[in-house]
Structure formats: structure tokens, C-alpha cells
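The values are calculated or read from the model by the stated rules, or taken from the named source; none is laboratory data. As the structure is a prediction and not an experimental result, all values here were calculated from the model. Positions of Cβ are backbone-derived with ideal geometry, glycine not excepted, and every protein chain shown enters the neighbour counts. The accessibility values were calculated without ligands, DNA or RNA, using every heavy atom of the protein model including side chains. Shrake-Rupley method; radii C 1.70, N 1.55, O 1.52, S 1.80 Å.
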Amino acid sequence: MSKVFKKTSGNGTIALYLGKRDFVDNVDSVEIVEGVVKVDPSGLDDRKVYVYLACAFRYGSDDLDVIGLSFRRDIWLHRVQVYPPTGGSEAKSPMMESLMKKVGEQGHAFSFQMPPNLPCSVSLQPGPNDSGKACGVDFEIKAYIANAPDNPDEVIEKKDTCRLMIRKIQFAPANNKAGAKADISKQFMMSDKPVHLEASLEKEVYYHGDPITVKVQINNETNKTVKKIKISVDQLTSVVLYSSDTYVKEVCAQEFGETVNANSTFEKSFQVTPLLANNKEKRGLAVDGRLKDEDTSLASTTLSQGEKEMQGIIISYKVKVTLTVSSGGLLGGFTGSDVVVELPVTLMSPKPAGDKLD
């Protein structure tokens, strides 16, 4: 284990150790979260040591908390007592053995199994003048000293706690399928035949930063002209808490000057590349959860089994092909219209080579 993540409480009595901070969600199961808490019993004053793992939705910065309101809602939380030990020693993984060896006799192991229907780590991009922690879904491991695990009347001082943020992440599936295909025929005023538009994607899954290839086929049976072709990519962010709201933000758009004359056909493949670098000013855009100030990307598509509804933030994308059609002449502005098809697309990161994800 090349790196160990450690956080010590203000009073030095407890310290939290993790071997990694990224935990992979394989859709049907999630990697077990393992760690060790080092405990100095002399600083406990007959209290106990607990650890919890929480998945929370943060919908406001802590610095806005001026009247005792919480801007954080726990989606899932699990808590264990690590000291005094409660008995039962489980078989330890190689990572746990390595951590215990590093920490020594005062180390006490813990583990959490997250359910597969929790959202992944996602942040909503703040605006240029926003301060404080970004809104989004985050995961936190916290060790603390207390008389009881969850007594609302017990005040736990900051010096008696230590915490580390972790991420729950998904990677693109190994098997890439054929991409979506969609078509539409649209009639226009003063024309007895339609414009037929068909669009398709080469594959279902694209990696962040890779160009998306969109094949466009047009059969223009009208007396009108297709003046331009626009291809855009929209990010759909569904916030599922007390109710469900979906926000749509365009993350990529490109207009192509190809024209399709009346009574003619057209076929061509176009490429567009959605990048976070081109969307830095968009407040509320979903990005993959980050730890500290590291680089990130647009939020990855959320993969799920679909059996149990997730809470938190769910991400999806669609490619939109828009034809601007006009007939020209005196009525051109009134008889023109757009022809639109939409295609679902999955944007994700590839799984790193090997098992090492740190």
C-alpha cells in the first residue's frame, strides 16, 4: 500500500486511517469501505469511540447556517462502535492487515458495506461569486468520542472528532454496445411531403473527453431547404429528495453549415466533444465529486439496476440533432421550422488498468 490517508482528532486521542478514498460501485455491489481507528484510552474519560459512514446531500454552504438550520440531509448512515471492542473478530483483508500493522496495538478495525442504490459522488459547480463547500452528494467517514452513539442531547466537541471524505465512483462497463438510433418525419405547412431525419451513435458509451460521432441521414422530400444542422449534448441532473426535479444544461453545441436542398438526400457523420473546460461558468452544472482541489470532469452517467429508486443526484445525457428548415420567399419565416431527434448517450471514465485505484 503506497499511501495511507490519516486524520487525527484535535486532542490527539483518536486517529482515522484509510488505505484509499475511492470506492467502486459495480452497479450490483459496492467495494467494502475498510479502515482503522487508533485509540489512546487515556484520553477517553470513560467514553466510547464510534465511527460512521454517511452519504449526504448538501444543498447549501455551511456558512449560510445562521439560524440553526441544517443544509445537509443524510441519505444513508451506518454507525459502529470501535472502542471498547464489541467482540467478534472478522477475517481481515490484505488492506486491513496492512493498516493494522502500520497502526499497531492501539488500532481497531471497522468496515462498512454500502447498498448499491446510493448515488455516486457528485458536485454542483458553484457560480463565480459563490463561496463555501459546493452543493452535491458526498460521503464522509467520521470517528468521534461520545458517551452514546447518537444522543441528540450530547454535545460532541470538534476536538473529539476526526473525519475523511471518500468517493463512491462508477466506471464505464467493459462491454460497449451499439449506440442509440432515432428518426422522425415532419410535415410542413404548404408542403405535402415530409423531411425525414435519422440519427444514430456509433456506440452506447463514450469516455469523458472523447469526441462523440453522430451519423445524420436526411431525406428532404419537401420544397424547402434545410439551412443548417445543429448537434448539441444536454446534461440532465435529476435531484431526488422530497420530490424529483430535473435540470437540463447544454454542455456542448455546434452548428454545421451543410445545406440540404429541396427533394434531395444527405448523409454525413459529425463529431462533438462535451468538455468541462468549456463550461466553467455554468452554475449548477454537475461534475464528478472531487477531493480537495484536484481536477475533475463532467459528472458521469449514473448506472443503476433500476429496482430501487435512488435518492440524491442522478445524471444522464442526451445528444440532440436539430435541423433548421426554411422555404425562403415571402412566407419563409412563417413556414420554416425545426426538426429534432434526441438520442441517449452514456458519458463515463474508463476503469483504470489493474486493481489499484488510489
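Observations, loosely collected:
- Electrostatic tally near Val325: other residues with Cβ closer than 10 Å to its Cβ, Lys and Arg +1, Asp and Glu -1, net +3.
- Counting only protein heavy atoms and a 1.4 Å probe, the chain has 52 square angstrom of accessible area per residue.
- Within-13-Å neighbourhood charge of Lys230 [Cβ basis; K, R +1; D, E -1]: -3
- By the helix-only formula, in which each DSSP H run with n ≥ 4 contributes -39500 (n - 2.57) and the sum is divided by residues, the chain has a 222 nm mean residue ellipticity of -1000 deg cm²/dmol.
- Loop-located trypsin sites (Lys or Arg not before Pro) in the range 173-243, at most 15 other Cβ atoms within 10 Å (DSSP): Lys177
- Fully extending the segment from Leu241 to Ser111, taken as 0.36 nm per residue of separation minus the present Cα-Cα distance, adds 44.1 nm.
- Taking 0.36 nm per residue of separation and subtracting the Cα-Cα distance, full extension of the segment from Ala134 to Ile184 would add 14.0 nm.
- For the peptides 144-157, 3-16, the ranking by packing is 3-16, 144-157, with the highest mean count of neighbouring Cβ atoms within 10 Å listed first.
- Once the Cα-Cα distance is subtracted from the 0.36 nm per residue extended length, the Asp74 to Gln271 segment shows a gain of 66.8 nm.
- Percent carbon-and-sulfur accessible area, the chain, ignoring ligands, DNA and RNA, probe 1.4 Å: 47
- Residues of type lysines that Lys158 reaches as a straight line, Cα spacing below 20 Å, ignoring anything fewer than 8 places off in the same chain: Lys6, Lys7, Lys38, Lys48, Lys133, Lys142
- Residues in the range 205-244 reached by a label modelled at Glu342 [backbone nitrogen below 14 Å; 7 Å Cα→Cβ]: 232-238
- Computed E for Asn26/Thr324 - FRET, C-beta separation, R0 25 angstrom, nearest 0.05: 0.05
- Among [x] 20.7; [y] 23.6; [z] 25.1, the entry derived from the coordinates for Kirkwood radius over Cα pairs in Å: [y]
- Note on Met95/Tyr59: beta-carbon distance plugged into 1/(1 + (r/R0)^6) with R0 of 30 Å gives a FRET efficiency of 0.35.
- Rounded to 0.05, the FRET efficiency of the Ser264 and Asp210 pair, given R0 = 30 Å and the Cβ-Cβ distance, is 0.40.
- In angstrom, the C-alpha Rg and Dmax of the range 212-272 are 16.6, 52.
- Each label was represented as a point 7 Å from its Cα along the Cα-to-Cβ direction; for Asn176 and Val155 these points are 5.8 nm apart.
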